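The next block holds one structure in the form of structure tokens; read it before the comments.
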Amino acid sequence: MNARWKVFIPFIVILFPVVFWLLLTRGHNEFKKLPQVGPFEINAKGDTVYHTIPAFQFTDQEGKTFSGKDLEGKIYLANFFFATCKTVCPAMNEQVQRVQEACKELKDFEIISFTVDPENDTVAALANYAQLMKADNARWKFLTGNKDSIYDLARNGFLVPAAIGSAGDFFHSQDLILIDKERRMRGIYDGTEAAEVDTLIDEIKVLLHEYVK
């Protein structure tokens, strides 16, 4: 090798991983954008306007009021469960726990779990459940409140096709729903399937990247 080229070898060694990282993080995600999910309409200007999550206000596991306004400027993952569930919910929230761990360093991301059994899932019950799930109370909220309001939000806000019991009781759903900063639905995932949750974790990062200027 020509002696003068040897001078550049240290610079090449340093620059190669930097260039490779830029290609992975910027080049890849720059062209990948998550679709918007749910019903839409065409406005008078001819623009496509997608369904958005309506305003809500409930109480979290620390007894504090929590509303949609607390999520402004953030993306979040939402699901519906109840603490005494012995079937779908434990498996689903174990996967949500994986999401929490994988995304713990990400800014502007939270997890919101709504109980569908507010009569039994009191603040104290949700606090115990959050502890069981090793939830970071600052980033994973368990919400309780008026039953009718929760069910209406689930059905008409998050469009959850949840199971209905013979007495008309709202049981639960295994859907994990990804919401962007504009309150639009950007993905729905089976919370009991590890492979789908792996995809969710990747797509949370992709969605956050959409907001990188």
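The values are calculated or read from the model by the stated rules, or taken from the named source; none is laboratory data. Owing to the predicted nature of the structure, the values given are computational and were not obtained by experimental measurement. Cβ sites come from the backbone with ideal geometry, for glycine too, and all protein chains shown count toward neighbours. Each accessible area value is taken on the protein alone, full model and side chains, heavy atoms only, with ligands, DNA and RNA left out. Shrake-Rupley method; radii C 1.70, N 1.55, O 1.52, S 1.80 Å.
Within the stretch 80-95, the set of residues being among the charged types (D, E, K, R) and modelled with pLDDT under 95 comprises just one member, Lys86. Looking only at residues in the stretch 67-80 that are aliphatic (A, V, I, L, M) and either in contact with a helix residue (DSSP H, G or I) (Cβ under 7 Å, 6 or more places away or on another chain) or in a loop (DSSP other than H, G, I, E, B) (or both), the one that is surrounded by the fewest Cβ atoms within 10 Å (Cβ to Cβ) is Ile75. In the stretch 102-125, the residue that is most open to solvent (accessible area, probe 1.4 Å) out of those that are part of a loop (DSSP other than H, G, I, E, B) and acidic (Asp, Glu) is Glu105. Surrounded by fewer than 19 Cβ atoms within 10 Å (Cβ to Cβ), farther than 20 Å from Gln61 by Cβ, free of Cβ contacts under 8 Å to residues at least 60 places away in the same chain and of a type in the set (Asp, Glu) - does that describe any residue in the stretch 135-149? Yes, the stretch 135-149 contains a residue that is surrounded by fewer than 19 Cβ atoms within 10 Å (Cβ to Cβ), farther than 20 Å from Gln61 by Cβ, free of Cβ contacts under 8 Å to residues at least 60 places away in the same chain and of a type in the set (Asp, Glu).
Among the residues of the stretch 53-66, just one is closer than 13 Å to Ile179 by Cα and exposed (fewer than 14 other Cβ atoms within 10 Å of the Cβ), namely Pro54. Quick one: in the stretch 89-101, of everything that is open to solvent by less than 30 Å² (accessible area, probe 1.4 Å) and hydrophobic (A, V, I, L, M, F, W, C), which residue is farthest from Thr199 (Cα to Cα)? Per the criteria, the residue is Cys89. Selection within the stretch 177-213: residues that are touching a residue at least 24 places away in the same chain (Cβ under 8 Å) and β-branched (Val, Ile, Thr). The member of this set that is farthest from Gly73 (Cα to Cα) is Thr192.
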